[in-house]
1. Could you rank Ser263, Ser207 by how accessible they are, 1.4 Å probe, largest area first?
2. Can you put Lys356, Lys129, Lys296 in order of accessible area, largest first, using a 1.4 Å probe?
3. Modelled label-to-label distance, Ser207 and Glu30, 7 Å Cα→beta-carbon offset: nm?
4. Stretch Thr77-Ile133 to full length: gain in nm at 0.36 nm per residue minus the Cα-Cα span?
5. Taking 22 Å as R0, compute the FRET efficiency from the Cβ-Cβ separation of Leu379 and Lys40 and round it to 0.05.
6. Along Cα→Cβ, 7 Å out, is where each label goes; now give me the distance between the ones at Val104 and Phe297 in nm to one decimal.
7. Label points 7 Å out from Cα along the Cβ direction at Ala92 and Arg123: separation in nm?
8. At a 1.4 Å probe radius, carbon and sulfur cover how many percent of the accessible area of the range 52-150?
Amino acid sequence: DLSLLRFISAELTRGYFLEHNEAKYTERRERVYTCMRIPKELEKLMFFGIFLCLDAFLYVFTLLPLRVFLAMFRFITLPCYGLRDRRLLQPAQVCDILKGVILVICYFMMHYVDYSMMYHLIRGQSVIKLYIIYNMLEVADRLFSSFGQDILDALYWTATEPKERKRAHIGVIPHFFMAVLYVFLHAILIMVQATTLNVAFNSHNKSLLTIMMSNNFVEIKGSVFKKFEKNNLFQMSNSDIKERFTNYVLLLIVCLRNMEQFSWNPDHLWVLFPDVCMVVASEIGVDIVKHAFITKFNDITADVYSEYRASLAFDLVSSRQKNAYTDYSDSVSRRMGFIPLPLAVLLIRVVTSSIKVQGVLAYVCVVLFYCGLISLKVLNSIVLLGKSCQYVKEAKMEEKLFNPVLTATPGKAAGKQQSMFKSTQGISTDENGSTSVTNQPVHQKESTPSLLVTSNSDQFLTTPDGEEKDISQDSSELKHRSSKKDLLEIDRFTICGNRID
(Lines give C-alpha, C1' and ligand atoms only; values in the text may rest on other atoms or scores of the structure.)
Protein backbone atom coordinates (compact mmCIF):
# COMPACT_ATOMS: atom_id res chain seq x y z
CA ASP A 1 0.00 0.00 0.00
CA LEU A 2 1.28 3.43 -1.01
CA SER A 3 1.40 6.07 1.64
CA LEU A 4 2.94 9.48 2.00
CA LEU A 5 5.40 8.25 4.61
CA ARG A 6 6.58 5.38 2.40
CA PHE A 7 6.96 7.73 -0.61
CA ILE A 8 9.08 10.16 1.41
CA SER A 9 11.16 7.28 2.76
CA ALA A 10 11.76 5.95 -0.76
CA GLU A 11 12.79 9.40 -2.00
CA LEU A 12 15.25 9.81 0.84
CA THR A 13 16.85 6.35 0.52
CA ARG A 14 16.81 5.52 -3.23
CA GLY A 15 20.22 5.19 -4.89
CA TYR A 16 21.77 5.13 -8.36
CA PHE A 17 25.06 4.05 -9.93
CA LEU A 18 26.90 6.45 -12.27
CA GLU A 19 29.20 3.69 -13.50
CA HIS A 20 26.30 2.16 -15.40
CA ASN A 21 26.63 5.06 -17.87
CA GLU A 22 30.39 5.47 -17.72
CA ALA A 23 30.88 6.59 -21.34
CA LYS A 24 28.41 9.45 -21.05
CA TYR A 25 29.90 10.90 -17.87
CA THR A 26 33.46 10.46 -19.15
CA GLU A 27 32.51 12.43 -22.24
CA ARG A 28 31.00 15.20 -20.11
CA ARG A 29 34.16 15.37 -18.02
CA GLU A 30 36.29 15.61 -21.17
CA ARG A 31 34.13 18.50 -22.37
CA VAL A 32 34.85 20.35 -19.16
CA TYR A 33 38.57 19.71 -19.55
CA THR A 34 38.38 20.88 -23.19
CA CYS A 35 36.73 24.15 -22.16
CA MET A 36 39.44 24.63 -19.56
CA ARG A 37 42.16 24.07 -22.18
CA ILE A 38 40.62 26.40 -24.75
CA PRO A 39 42.00 29.69 -23.30
CA LYS A 40 45.58 28.39 -23.33
CA GLU A 41 45.44 26.80 -26.79
CA LEU A 42 43.51 29.70 -28.32
CA GLU A 43 45.87 32.34 -26.96
CA LYS A 44 48.88 30.39 -28.25
CA LEU A 45 47.31 30.47 -31.71
CA MET A 46 46.40 34.16 -31.33
CA PHE A 47 49.89 35.01 -30.12
CA PHE A 48 51.48 33.29 -33.11
CA GLY A 49 49.00 34.80 -35.56
CA ILE A 50 49.37 38.35 -34.22
CA PHE A 51 53.12 38.17 -34.70
CA LEU A 52 52.53 36.91 -38.24
CA CYS A 53 50.40 40.00 -38.90
CA LEU A 54 53.04 42.18 -37.22
CA ASP A 55 55.71 40.71 -39.48
CA ALA A 56 53.65 41.48 -42.59
CA PHE A 57 52.85 44.96 -41.26
CA LEU A 58 56.49 45.82 -40.46
CA TYR A 59 57.50 44.59 -43.91
CA VAL A 60 55.69 47.57 -45.44
CA PHE A 61 57.76 50.07 -43.42
CA THR A 62 61.16 48.35 -43.41
CA LEU A 63 62.00 45.94 -46.23
CA LEU A 64 59.54 47.12 -48.88
CA PRO A 65 61.24 50.54 -49.37
CA LEU A 66 64.63 48.80 -49.67
CA ARG A 67 63.27 46.30 -52.17
CA VAL A 68 61.70 49.11 -54.21
CA PHE A 69 65.04 50.94 -54.20
CA LEU A 70 66.87 47.82 -55.40
CA ALA A 71 64.30 47.22 -58.12
CA MET A 72 64.56 50.81 -59.35
CA PHE A 73 68.36 50.60 -59.26
CA ARG A 74 68.24 47.44 -61.38
CA PHE A 75 65.88 49.12 -63.84
CA ILE A 76 68.11 52.19 -64.16
CA THR A 77 71.36 50.24 -64.54
CA LEU A 78 69.89 47.61 -66.86
CA PRO A 79 71.56 48.97 -70.04
CA CYS A 80 74.97 48.57 -68.39
CA TYR A 81 74.53 44.82 -67.99
CA GLY A 82 72.55 44.03 -71.12
CA LEU A 83 69.35 42.06 -71.53
CA ARG A 84 70.23 38.58 -70.29
CA ASP A 85 66.55 37.76 -69.87
CA ARG A 86 63.42 38.75 -71.72
CA ARG A 87 62.06 40.32 -68.53
CA LEU A 88 63.24 43.79 -67.62
CA LEU A 89 62.35 43.11 -63.97
CA GLN A 90 61.52 39.98 -62.05
CA PRO A 91 57.82 39.49 -61.09
CA ALA A 92 58.56 40.09 -57.41
CA GLN A 93 60.32 43.37 -58.24
CA VAL A 94 57.37 44.53 -60.34
CA CYS A 95 54.98 43.80 -57.46
CA ASP A 96 57.24 45.64 -55.02
CA ILE A 97 57.32 48.74 -57.23
CA LEU A 98 53.55 48.66 -57.60
CA LYS A 99 53.10 48.42 -53.82
CA GLY A 100 55.49 51.30 -53.24
CA VAL A 101 53.83 53.55 -55.83
CA ILE A 102 50.37 52.79 -54.40
CA LEU A 103 51.59 53.66 -50.89
CA VAL A 104 53.10 56.99 -52.01
CA ILE A 105 50.05 58.04 -54.05
CA CYS A 106 47.56 57.14 -51.32
CA TYR A 107 49.68 58.91 -48.71
CA PHE A 108 49.52 62.19 -50.63
CA MET A 109 45.81 61.69 -51.27
CA MET A 110 45.22 61.28 -47.53
CA HIS A 111 46.51 64.83 -46.97
CA TYR A 112 43.26 66.10 -48.48
CA VAL A 113 41.25 64.34 -45.73
CA ASP A 114 40.87 66.57 -42.67
CA TYR A 115 41.07 64.45 -39.52
CA SER A 116 39.97 67.27 -37.19
CA MET A 117 36.85 68.04 -39.20
CA MET A 118 35.97 64.34 -39.26
CA TYR A 119 36.43 64.12 -35.48
CA HIS A 120 34.09 67.04 -34.73
CA LEU A 121 31.56 65.80 -37.28
CA ILE A 122 31.40 62.39 -35.60
CA ARG A 123 31.40 63.86 -32.11
CA GLY A 124 28.29 65.91 -32.89
CA GLN A 125 26.23 62.77 -33.56
CA SER A 126 24.10 61.01 -30.97
CA VAL A 127 25.28 57.91 -29.14
CA ILE A 128 22.84 55.53 -30.82
CA LYS A 129 23.73 56.88 -34.26
CA LEU A 130 27.43 56.40 -33.56
CA TYR A 131 26.78 52.83 -32.40
CA ILE A 132 25.01 52.07 -35.67
CA ILE A 133 27.80 53.76 -37.65
CA TYR A 134 30.44 51.68 -35.88
CA ASN A 135 28.60 48.43 -36.70
CA MET A 136 28.26 49.49 -40.33
CA LEU A 137 31.97 50.27 -40.46
CA GLU A 138 32.85 46.78 -39.20
CA VAL A 139 30.74 45.17 -41.91
CA ALA A 140 32.18 47.50 -44.56
CA ASP A 141 35.72 46.70 -43.41
CA ARG A 142 35.14 42.98 -43.96
CA LEU A 143 33.64 43.61 -47.39
CA PHE A 144 36.54 45.86 -48.38
CA SER A 145 39.06 43.28 -47.20
CA SER A 146 37.28 40.51 -49.08
CA PHE A 147 37.34 42.34 -52.41
CA GLY A 148 40.52 44.33 -51.87
CA GLN A 149 43.00 41.48 -52.00
CA ASP A 150 41.35 40.26 -55.20
CA ILE A 151 41.92 43.71 -56.72
CA LEU A 152 45.58 43.70 -55.69
CA ASP A 153 46.12 40.12 -56.91
CA ALA A 154 44.53 41.02 -60.25
CA LEU A 155 46.92 43.97 -60.57
CA TYR A 156 50.00 41.88 -59.70
CA TRP A 157 49.09 39.11 -62.12
CA THR A 158 48.16 41.50 -64.93
CA ALA A 159 51.51 43.28 -64.58
CA THR A 160 53.63 40.09 -64.40
CA GLU A 161 51.88 37.48 -66.56
CA PRO A 162 53.73 36.27 -69.69
CA LYS A 163 53.13 38.67 -72.55
CA GLU A 164 52.93 35.99 -75.23
CA ARG A 165 49.58 34.87 -73.88
CA LYS A 166 46.35 36.09 -75.40
CA ARG A 167 45.19 39.40 -73.99
CA ALA A 168 42.28 38.64 -71.62
CA HIS A 169 42.31 41.70 -69.38
CA ILE A 170 41.56 45.40 -69.50
CA GLY A 171 45.16 46.50 -69.02
CA VAL A 172 47.59 47.31 -66.22
CA ILE A 173 46.68 51.01 -65.92
CA PRO A 174 42.93 50.44 -65.16
CA HIS A 175 43.87 47.77 -62.62
CA PHE A 176 46.37 50.17 -61.06
CA PHE A 177 43.78 52.93 -60.68
CA MET A 178 41.34 50.42 -59.18
CA ALA A 179 43.99 49.37 -56.63
CA VAL A 180 44.80 52.98 -55.72
CA LEU A 181 41.10 53.77 -55.28
CA TYR A 182 40.59 50.70 -53.11
CA VAL A 183 43.55 51.43 -50.80
CA PHE A 184 42.48 55.08 -50.47
CA LEU A 185 38.84 54.25 -49.65
CA HIS A 186 39.84 51.49 -47.23
CA ALA A 187 42.25 53.84 -45.45
CA ILE A 188 39.46 56.42 -45.06
CA LEU A 189 37.18 53.69 -43.69
CA ILE A 190 39.76 52.70 -41.08
CA MET A 191 40.26 56.38 -40.24
CA VAL A 192 36.54 56.75 -39.54
CA GLN A 193 36.74 53.67 -37.29
CA ALA A 194 39.68 55.14 -35.39
CA THR A 195 37.89 58.49 -35.09
CA THR A 196 34.74 56.86 -33.72
CA LEU A 197 36.83 54.97 -31.17
CA ASN A 198 38.61 58.22 -30.26
CA VAL A 199 35.26 59.94 -29.69
CA ALA A 200 34.23 57.06 -27.43
CA PHE A 201 37.44 57.44 -25.41
CA ASN A 202 36.95 61.19 -24.96
CA SER A 203 33.26 61.11 -24.06
CA HIS A 204 32.54 62.17 -20.49
CA ASN A 205 30.16 59.41 -19.42
CA LYS A 206 31.86 56.63 -21.40
CA SER A 207 28.44 55.41 -22.55
CA LEU A 208 29.51 55.06 -26.18
CA LEU A 209 32.57 53.04 -25.21
CA THR A 210 30.44 50.75 -23.05
CA ILE A 211 27.96 50.20 -25.89
CA MET A 212 30.78 49.48 -28.32
CA MET A 213 32.29 46.93 -25.95
CA SER A 214 28.90 45.27 -25.45
CA ASN A 215 28.75 44.85 -29.20
CA ASN A 216 31.46 42.19 -28.87
CA PHE A 217 29.15 40.06 -26.72
CA VAL A 218 26.49 40.24 -29.43
CA GLU A 219 29.03 38.41 -31.57
CA ILE A 220 28.78 35.44 -29.21
CA LYS A 221 25.05 35.16 -29.85
CA GLY A 222 25.56 35.24 -33.62
CA SER A 223 28.20 32.51 -33.76
CA VAL A 224 27.97 30.15 -30.78
CA PHE A 225 24.71 28.44 -31.75
CA LYS A 226 25.72 27.72 -35.35
CA LYS A 227 27.15 24.47 -36.62
CA PHE A 228 30.89 24.65 -37.26
CA GLU A 229 33.26 22.24 -38.92
CA LYS A 230 37.02 22.38 -38.44
CA ASN A 231 37.55 24.42 -41.59
CA ASN A 232 34.90 26.95 -40.58
CA LEU A 233 36.45 27.29 -37.14
CA PHE A 234 39.83 27.82 -38.81
CA GLN A 235 38.35 30.64 -40.87
CA MET A 236 36.82 32.21 -37.77
CA SER A 237 40.13 31.95 -35.90
CA ASN A 238 41.96 33.73 -38.73
CA SER A 239 39.31 36.45 -38.75
CA ASP A 240 39.65 36.90 -34.98
CA ILE A 241 43.44 37.21 -35.28
CA LYS A 242 43.08 39.91 -37.93
CA GLU A 243 40.42 41.73 -35.92
CA ARG A 244 42.50 41.73 -32.75
CA PHE A 245 45.62 43.02 -34.49
CA THR A 246 43.64 45.74 -36.27
CA ASN A 247 42.16 46.84 -32.95
CA TYR A 248 45.66 47.11 -31.49
CA VAL A 249 46.72 49.41 -34.33
CA LEU A 250 43.53 51.48 -33.92
CA LEU A 251 44.27 51.86 -30.20
CA LEU A 252 47.79 53.01 -31.09
CA ILE A 253 46.35 55.65 -33.45
CA VAL A 254 43.89 56.83 -30.78
CA CYS A 255 46.69 57.16 -28.21
CA LEU A 256 48.86 59.11 -30.68
CA ARG A 257 46.07 61.56 -31.47
CA ASN A 258 45.21 62.08 -27.80
CA MET A 259 48.83 62.54 -26.76
CA GLU A 260 49.26 65.13 -29.50
CA GLN A 261 46.26 67.12 -28.25
CA PHE A 262 47.74 67.18 -24.73
CA SER A 263 51.23 68.20 -25.89
CA TRP A 264 52.67 64.74 -25.24
CA ASN A 265 52.03 64.94 -21.52
CA PRO A 266 52.85 61.46 -20.11
CA ASP A 267 50.26 61.88 -17.35
CA HIS A 268 47.47 61.73 -19.92
CA LEU A 269 48.65 58.30 -21.02
CA TRP A 270 47.65 56.91 -17.62
CA VAL A 271 44.20 58.42 -18.13
CA LEU A 272 43.82 56.43 -21.35
CA PHE A 273 45.29 53.24 -19.90
CA PRO A 274 42.11 51.92 -18.16
CA ASP A 275 40.03 52.36 -21.32
CA VAL A 276 42.66 50.61 -23.43
CA CYS A 277 42.76 47.72 -20.96
CA MET A 278 38.97 47.46 -21.05
CA VAL A 279 38.92 47.23 -24.85
CA VAL A 280 41.67 44.59 -24.92
CA ALA A 281 40.14 42.56 -22.06
CA SER A 282 36.72 42.53 -23.71
CA GLU A 283 38.23 41.26 -26.97
CA ILE A 284 40.13 38.47 -25.22
CA GLY A 285 37.16 37.48 -23.04
CA VAL A 286 34.72 37.37 -25.95
CA ASP A 287 37.09 35.26 -28.07
CA ILE A 288 37.66 32.77 -25.25
CA VAL A 289 33.94 32.36 -24.47
CA LYS A 290 33.03 32.14 -28.14
CA HIS A 291 35.59 29.48 -29.02
CA ALA A 292 34.97 27.51 -25.82
CA PHE A 293 31.27 27.06 -26.54
CA ILE A 294 31.76 26.50 -30.27
CA THR A 295 34.13 23.61 -29.55
CA LYS A 296 31.73 22.30 -26.89
CA PHE A 297 28.63 22.30 -29.09
CA ASN A 298 30.42 20.83 -32.12
CA ASP A 299 32.51 18.19 -30.29
CA ILE A 300 35.85 19.67 -31.41
CA THR A 301 38.91 19.02 -29.26
CA ALA A 302 41.33 21.70 -28.14
CA ASP A 303 44.13 20.03 -30.12
CA VAL A 304 42.66 21.47 -33.30
CA TYR A 305 44.26 24.85 -32.54
CA SER A 306 47.71 23.28 -32.79
CA GLU A 307 46.71 22.08 -36.29
CA TYR A 308 45.64 25.61 -37.19
CA ARG A 309 48.95 26.94 -35.94
CA ALA A 310 50.84 24.33 -37.98
CA SER A 311 48.88 25.33 -41.09
CA LEU A 312 49.82 29.00 -40.64
CA ALA A 313 53.43 27.95 -40.04
CA PHE A 314 53.32 25.92 -43.24
CA ASP A 315 52.33 29.03 -45.19
CA LEU A 316 55.25 30.95 -43.71
CA VAL A 317 57.85 28.27 -44.40
CA SER A 318 56.59 27.59 -47.93
CA SER A 319 56.76 31.30 -48.78
CA ARG A 320 60.48 31.27 -47.91
CA GLN A 321 61.29 28.67 -50.55
CA LYS A 322 63.19 29.57 -53.71
CA ASN A 323 60.26 28.88 -56.02
CA ALA A 324 57.50 30.24 -53.77
CA TYR A 325 54.13 30.90 -55.35
CA THR A 326 53.45 34.17 -53.55
CA ASP A 327 54.90 36.75 -51.20
CA TYR A 328 54.53 36.10 -47.50
CA SER A 329 52.60 39.30 -46.76
CA ASP A 330 50.10 38.47 -49.51
CA SER A 331 49.74 34.95 -48.13
CA VAL A 332 48.85 36.38 -44.71
CA SER A 333 46.38 38.73 -46.39
CA ARG A 334 44.59 35.87 -48.08
CA ARG A 335 44.57 33.62 -45.02
CA MET A 336 43.44 36.16 -42.43
CA GLY A 337 41.89 38.95 -44.47
CA PHE A 338 44.54 41.35 -43.13
CA ILE A 339 45.70 43.75 -45.85
CA PRO A 340 48.54 45.91 -44.47
CA LEU A 341 48.60 48.60 -47.19
CA PRO A 342 45.54 50.69 -46.10
CA LEU A 343 46.46 50.42 -42.43
CA ALA A 344 50.05 51.41 -43.19
CA VAL A 345 48.90 54.46 -45.18
CA LEU A 346 46.72 55.62 -42.28
CA LEU A 347 49.44 55.07 -39.66
CA ILE A 348 52.01 57.00 -41.73
CA ARG A 349 49.49 59.81 -42.18
CA VAL A 350 48.75 59.99 -38.43
CA VAL A 351 52.41 59.79 -37.36
CA THR A 352 53.59 62.46 -39.81
CA SER A 353 50.78 64.81 -38.75
CA SER A 354 51.27 64.19 -35.03
CA ILE A 355 55.09 64.36 -34.87
CA LYS A 356 56.94 67.30 -36.35
CA VAL A 357 60.48 66.58 -37.55
CA GLN A 358 62.65 69.70 -37.36
CA GLY A 359 66.40 69.98 -37.06
CA VAL A 360 69.33 67.65 -37.58
CA LEU A 361 68.82 65.83 -34.29
CA ALA A 362 65.23 65.00 -35.22
CA TYR A 363 66.33 63.45 -38.52
CA VAL A 364 68.99 61.44 -36.71
CA CYS A 365 66.27 60.14 -34.38
CA VAL A 366 64.16 59.19 -37.40
CA VAL A 367 67.07 57.24 -38.90
CA LEU A 368 67.72 55.47 -35.60
CA PHE A 369 64.01 54.66 -35.27
CA TYR A 370 64.00 53.20 -38.79
CA CYS A 371 67.04 51.06 -37.95
CA GLY A 372 65.23 49.89 -34.84
CA LEU A 373 62.20 48.90 -36.91
CA ILE A 374 64.41 46.93 -39.29
CA SER A 375 66.04 45.17 -36.33
CA LEU A 376 62.62 44.35 -34.88
CA LYS A 377 61.43 43.04 -38.26
CA VAL A 378 64.50 40.83 -38.74
CA LEU A 379 64.35 39.49 -35.18
CA ASN A 380 60.63 38.81 -35.46
CA SER A 381 61.09 37.04 -38.80
CA ILE A 382 63.90 34.82 -37.48
CA VAL A 383 61.94 33.78 -34.39
CA LEU A 384 58.78 33.15 -36.43
CA LEU A 385 60.69 31.08 -38.99
CA GLY A 386 62.26 28.95 -36.28
CA LYS A 387 58.92 28.40 -34.53
CA SER A 388 57.23 27.66 -37.84
CA CYS A 389 59.78 24.98 -38.72
CA GLN A 390 59.21 23.44 -35.29
CA TYR A 391 55.42 23.41 -35.75
CA VAL A 392 55.71 21.93 -39.25
CA LYS A 393 57.94 19.12 -37.97
CA GLU A 394 55.61 18.39 -35.07
CA ALA A 395 52.67 18.17 -37.50
CA LYS A 396 54.73 15.94 -39.87
CA MET A 397 54.17 18.17 -42.91
CA GLU A 398 57.74 18.11 -44.26
CA GLU A 399 56.82 15.98 -47.28
CA LYS A 400 54.16 18.49 -48.30
CA LEU A 401 56.67 21.31 -47.87
CA PHE A 402 59.66 19.94 -49.77
CA ASN A 403 57.78 17.98 -52.43
CA PRO A 404 54.35 19.61 -52.85
CA VAL A 405 53.80 18.37 -56.40
CA LEU A 406 54.01 14.68 -55.59
CA THR A 407 51.51 14.92 -52.74
CA ALA A 408 49.05 17.46 -54.12
CA THR A 409 47.50 15.48 -57.00
CA PRO A 410 44.90 12.86 -56.00
CA GLY A 411 44.11 9.41 -57.32
CA LYS A 412 45.40 8.10 -60.60
CA ALA A 413 46.26 11.57 -61.84
CA ALA A 414 48.90 11.69 -59.12
CA GLY A 415 50.75 8.71 -60.56
CA LYS A 416 50.72 10.20 -64.04
CA GLN A 417 51.95 13.58 -62.92
CA GLN A 418 54.58 11.97 -60.71
CA SER A 419 55.99 10.11 -63.70
CA MET A 420 55.82 13.24 -65.84
CA PHE A 421 57.48 15.25 -63.10
CA LYS A 422 60.31 12.71 -62.78
CA SER A 423 60.85 12.51 -66.53
CA THR A 424 60.90 16.26 -67.08
CA GLN A 425 62.87 17.23 -64.00
CA GLY A 426 65.41 14.45 -64.11
CA ILE A 427 65.08 13.45 -60.48
CA SER A 428 67.27 10.44 -59.79
CA THR A 429 66.26 7.57 -57.56
CA ASP A 430 68.82 5.81 -55.41
CA GLU A 431 69.07 2.13 -54.59
CA ASN A 432 66.69 2.35 -51.64
CA GLY A 433 63.96 3.82 -53.77
CA SER A 434 64.05 7.23 -52.10
CA THR A 435 63.75 10.24 -54.34
CA SER A 436 66.69 12.63 -54.48
CA VAL A 437 66.16 16.27 -55.32
CA THR A 438 69.86 17.13 -55.50
CA ASN A 439 70.25 16.26 -59.19
CA GLN A 440 67.68 18.64 -60.60
CA PRO A 441 68.87 20.75 -63.52
CA VAL A 442 69.48 24.41 -62.94
CA HIS A 443 67.06 25.62 -65.62
CA GLN A 444 63.48 24.97 -64.46
CA LYS A 445 61.51 27.06 -66.93
CA GLU A 446 59.79 24.00 -68.39
CA SER A 447 58.59 22.86 -64.96
CA THR A 448 57.00 26.16 -63.98
CA PRO A 449 53.55 25.49 -65.52
CA SER A 450 53.31 22.10 -63.83
CA LEU A 451 54.22 23.59 -60.49
CA LEU A 452 51.57 26.25 -60.84
CA VAL A 453 48.90 23.81 -61.91
CA THR A 454 49.44 21.38 -59.07
CA SER A 455 49.72 23.80 -56.17
CA ASN A 456 47.61 23.21 -53.08
CA SER A 457 45.46 26.28 -53.59
CA ASP A 458 44.70 25.50 -57.23
CA GLN A 459 43.87 21.90 -56.40
CA PHE A 460 41.17 23.08 -54.01
CA LEU A 461 39.64 25.08 -56.84
CA THR A 462 39.78 22.42 -59.57
CA THR A 463 39.38 19.06 -57.83
CA PRO A 464 35.87 17.57 -58.32
CA ASP A 465 33.95 16.10 -55.44
CA GLY A 466 34.23 12.60 -56.86
CA GLU A 467 37.99 12.71 -56.86
CA GLU A 468 38.00 13.94 -53.28
CA LYS A 469 36.02 10.84 -52.30
CA ASP A 470 38.62 8.72 -54.09
CA ILE A 471 41.33 10.37 -52.01
CA SER A 472 39.78 9.16 -48.76
CA GLN A 473 39.52 5.60 -50.15
CA ASP A 474 43.00 5.27 -51.67
CA SER A 475 45.11 4.52 -48.62
CA SER A 476 44.94 4.45 -44.84
CA GLU A 477 47.76 7.01 -44.67
CA LEU A 478 45.66 9.63 -46.38
CA LYS A 479 42.80 8.85 -44.02
CA HIS A 480 45.07 9.37 -41.04
CA ARG A 481 46.12 12.81 -42.27
CA SER A 482 42.82 13.96 -43.75
CA SER A 483 42.23 16.68 -41.15
CA LYS A 484 45.60 18.34 -41.74
CA LYS A 485 45.17 18.05 -45.51
CA ASP A 486 41.82 19.82 -45.41
CA LEU A 487 43.37 22.78 -43.64
CA LEU A 488 46.18 23.09 -46.17
CA GLU A 489 43.80 22.90 -49.12
CA ILE A 490 41.60 25.78 -48.02
CA ASP A 491 41.51 28.30 -50.81
CA ARG A 492 44.25 30.79 -49.98
CA PHE A 493 43.06 33.22 -52.63
CA THR A 494 39.86 34.05 -50.76
CA ILE A 495 39.54 35.89 -47.48
CA CYS A 496 38.75 33.11 -45.03
CA GLY A 497 37.22 35.29 -42.36
CA ASN A 498 34.28 36.23 -44.56
CA ARG A 499 33.13 32.80 -45.70
CA ILE A 500 31.60 31.51 -42.47
CA ASP A 501 28.09 30.15 -42.98
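The values are calculated or read from the model by the stated rules, or taken from the named source; none is laboratory data. These figures come from a predicted structure and were not determined experimentally. Cβ: placed from backbone, ideal geometry, glycine included. Neighbour counts: every protein chain shown. Side chains included, ligands, DNA and RNA excluded: accessible areas come from the protein's heavy atoms. Shrake-Rupley method; radii C 1.70, N 1.55, O 1.52, S 1.80 Å.
1. The most accessible residue leads, giving Ser263, Ser207.
2. So the residues, ranked largest to smallest area, are Lys356, Lys129, Lys296.
3. About 5.1 nm, to one decimal.
4. Full extension from Thr77 to Ile133 adds 15.0 nm.
5. Efficiency at R0 = 22 Å is approximately 0.30.
6. Rounded to a tenth, the inter-label distance reads 5.2 nm.
7. Taking the simple label geometry, Ala92 and Arg123 are separated by 4.8 nm.
8. Within the range 52-150, the accessible surface is 71 percent carbon and sulfur.
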